[in-house]
Amino acid sequence: MSASRFGLPSQEAAAFSEVRRLPREADPAWFDGFRQGSLRNVAELALGNLRALDAATEVTVIITSRPDAGDLAHLQAAWAIAKWTVARGATVVLDAQANRYWSAAELDDWPANRPFALSSDINVVVEAEGANAVASAIHTRGLAKFGRPDLVTLDVPAARWDSVAGVLRGLAMRLVLGLVLRPGDSTPIEGGVAHFGAYGPDRLHLNNDGLLVTGSDAA
């Protein structure tokens, strides 16, 4: 694997990731879960054409774990490995933490030395049944990659979706840059103060720890 071609920061960073290749026949139900139900809706929004996803017969799983991160080398390495799998024939990439699909062409176009962009690694999701409905939840996905809990707000009217999503996006960037938040903490936000409480997965499963966000412009 060429470090310069794919953007691998170091061999030491590559060691944080384990790579497994699994054929569909090893577990058809688990495999097909990546292209059914809500994930299929996510894929359709991101990819449009699902032929490549439906034709897939093998998955390469990149599992990244780091006990204490002072930088983002582990994340750079994971994306470098993902770009390498595309060069070897992968057609669709799923960021399972952010719940986002990427086409092979999109990853192939990423420069090896691309700067960090929050929008590439963190997703802000609106859980609602229609464009004018009350969102049962607005939440982040992907902060587990930075060793941080995801952020959740509940019961958000449609008129406030954009403002609440913006607050969560701003808080997510502060968490990525090193802010540590725990239940009971508060922090200033534009127009007020955000308060953080414990979140139990009673409405949605985050695949990560969560913090319930309430307060001015946050609920």
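Derivation of every value follows stated rules applied to the coordinates shown; laboratory data play no part. All values reported here derive from a predicted model rather than from experimental measurement. Cβ: placed from backbone, ideal geometry, glycine included. Neighbour counts: every protein chain shown.
Hey, got the dipole for the chain? About the Cα centre, +1 on K and R Cβ, -1 on D and E Cβ, debye to the nearest 20?
So the dipole magnitude of the chain works out to roughly 400 debye.
Quick one: Debye curve from the alpha-carbon atoms of region 17-140 only, equal weights, vacuum; give me log10 I(q)/I(0) at q = 0.12, 0.13 Å⁻¹ to two decimals.
-0.52, -0.61
Which ordering of 38, 103 is given by a fewest-first count of other beta-carbon atoms within 10 Å?
Least to most surrounded, the residues fall as 38, 103.
How many nm is it between the label spots at residue 116 and residue 186, if each spot is 7 Å from the Cα in line with the beta carbon?
Going from the residue 116 label point to the residue 186 one covers 2.9 nm.
Report, in whole Å, the centroid distance computed from the Cα atoms of region 83-159 and region 1-75.
Their Cα centres are 13 Å away from one another.
Residues with amide H under 5 Å of residue 209's amide H, sequence separation 5 or more or different chain, H placed in the peptide plane at 1.01 Å from N; which?
Result for residue 209 returns 150.
Could you work out, for the chain, what percent of all Cα-Cα pairs fall into each 10 Å distance bin, beginning at 0 Å and stopping at the bin that holds the largest distance?
7, 30, 34, 23, 6, 0
Rank 189, 62, 122 by mean-square fluctuation in a GNM of the chain with C-alpha springs under 10 angstrom and give only the top-ranked residue.
189
Just subtract the alpha-carbon distance of residue 52 and residue 109 from 0.36 nm times their residue separation and send over the number in nm, one decimal.
Result for the pair: 18.7 nm of gain on full extension.
Looking at region 119-215 from every direction and averaging, what is the projected area of its Cα convex hull in nm²?
Mean shadow area of the hull around the Cα atoms is 5.9 nm².
Relative contact order of the chain, please, whole-number percent, based on alpha carbon pairs below 8 angstrom and at least 6 residues apart.
15
Please find the FRET efficiency linking residue 87 to residue 29, where r is the Cβ-Cβ separation and R0 is fixed at 41 Å, and quote it to the nearest 0.05.
My answer for the efficiency is 0.90.
Quick check: pseudo-label points 7 Å beyond the Cα along Cα→Cβ at residue 39 and residue 61, how many nm apart are they?
Between residue 39 and residue 61, the simple spin-label model gives 1.0 nm.
Could you tally the net charge around residue 119, taking each other residue with its Cβ under 14 Å from the Cβ of residue 119, Lys/Arg +1 and Asp/Glu -1?
Net charge in that neighbourhood comes out at +2.
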